[in-house]
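In what follows, a structure is listed as structure tokens, so that the remarks can point back to it.
The values are calculated or read from the model by the stated rules, or taken from the named source; none is laboratory data. Note that the structure is a prediction, hence the values are computed from the model and not measured. Positions of Cβ are backbone-derived with ideal geometry, glycine not excepted, and every protein chain shown enters the neighbour counts.
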Amino acid sequence: MENPEWFVGHLDDGALAIWKSENVKMEVAELALGICLAKVLWSPRGNLMEYDEIIKLMEQVFGMKLPNYRDLKRDIFERKKEVVVFLKQLVFLIERARDEKDVRKR
């Protein structure tokens, strides 16, 4: 990790946001994995953020601990039916909102 001090002590300051769902840890891990694989988060020094760094960032933002984040990543890759349940749900919701917006324009 390039700058571990970014993540030290911030959980004591409280969460920046609260993630409310039935499967918080898996959804956060799935989102972090997608962001990691998309290679879109970079450190201020210009280094690509790795999965564990993205997880630490999410822990800070959501005021949670994911000590088993490596296990969650493994579980995502081992899914037999739907590999990306949460991300597919996000795509569906965005497309539905777009479709509803198009209907209202008519």
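Just to be sure before I move on: is M49 surrounded by 10 or more Cβ atoms within 10 Å (Cβ to Cβ) and either touching a Pro at 6+ places or on another chain (Cβ under 8 Å) or modelled with pLDDT of 95 or more (or both) in the structure I sent?
yes
Return the pairs, sorted by first residue and then second, in which the second residue is surrounded by 12 or more Cβ atoms within 10 Å (Cβ to Cβ), the first residue lies in the range 63-82 and is at positive phi, the beta carbons are less than 9 Å apart, and the residues are 6+ apart or on different chains.
As it stands, the answer is G63/H10; G63/L11; G63/A15, since those pairs meet every condition given.
Looking at (1) of a type outside the set (A, V, I, L, M, F, W, C); (2) surrounded by 17 or more Cβ atoms within 10 Å (Cβ to Cβ); (3) modelled with pLDDT under 95, which one does E27 not meet, given that it meets all the others?
If we test E27 against (1) of a type outside the set (A, V, I, L, M, F, W, C); (2) surrounded by 17 or more Cβ atoms within 10 Å (Cβ to Cβ); (3) modelled with pLDDT under 95, just (3) comes out false.
Among the candidates R74, R104, which residue alone is surrounded by 11 or more Cβ atoms within 10 Å (Cβ to Cβ) and of a type outside the set (V, I, T)?
From the options R74, R104, the qualifying one is R74.
So is D12 modelled with pLDDT under 90, charged (D, E, K, R) and part of a helix (DSSP H, G or I) or not? Lay out the reasoning, then the answer.
Details: modelled with pLDDT under 90: yes; charged (D, E, K, R): yes; part of a helix (DSSP H, G or I): yes.
Considered against the rule, which asks whether it is modelled with pLDDT under 90, charged (D, E, K, R) and part of a helix (DSSP H, G or I), D12 comes out as yes.
Could you please find all residues in the range 23-50 being within 16 Å of D75 (Cβ to Cβ) and charged (D, E, K, R)?
Listed by number, the residues that qualify are K25, E27, E30.
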